[in-house]
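Structure, as structure tokens:
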Amino acid sequence: MIHLAKVSRIDISIDLANPVNELVDVVSIVMNSFPGRQEEILQQLDLKIGEALAEIKRSKAKAKE
């Protein structure tokens, strides 16, 4: 039986001139590393993105006051 190495860390470089596509690529890499957990990971990511967007909206609202 052949034992495959377990990947526990991935080092990446991101082109900050193209943030959306770079983040999509990173999410795809992570998703492929966790078969069967994609929905859970995306739900947690959705929650964190929603929290970040809400904070941006709160900050904009405070700046208008």
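Values computed for the structure shown
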{"quantity": "Unique match (being open to solvent by less than 80 Å² (accessible area, probe 1.4 Å) and free of Cβ contacts under 8 Å to residues at least 40 places away in the same chain) among ILE29, ILE10", "calculated": "ILE29"}
{"quantity": "Every residue from the stretch 7-30 that is of a type outside the set (S, T, N, Q) and in contact with an Asp or Glu (Cβ under 9 Å, 6 or more places away or on another chain)", "calculated": "ILE12, ILE14, ASP15, LEU16, GLU22"}
{"quantity": "Selection count where residues are assigned to a helix (DSSP H, G or I) and either closer than 16 Å to VAL24 by Cα or of a type in the set (S, T, N, Q) (or both), scope the stretch 34-65", "calculated": "11"}
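The values are calculated or read from the model by the stated rules, or taken from the named source; none is laboratory data. Note that this is a predicted model, so its numbers are computed, not measured. Note: ideal-geometry Cβ built from the backbone for every residue, glycine included; neighbour counts use all protein chains shown. The area values use the complete protein model at the heavy-atom level, side chains included, leaving out ligands, DNA and RNA. Shrake-Rupley method; radii C 1.70, N 1.55, O 1.52, S 1.80 Å.
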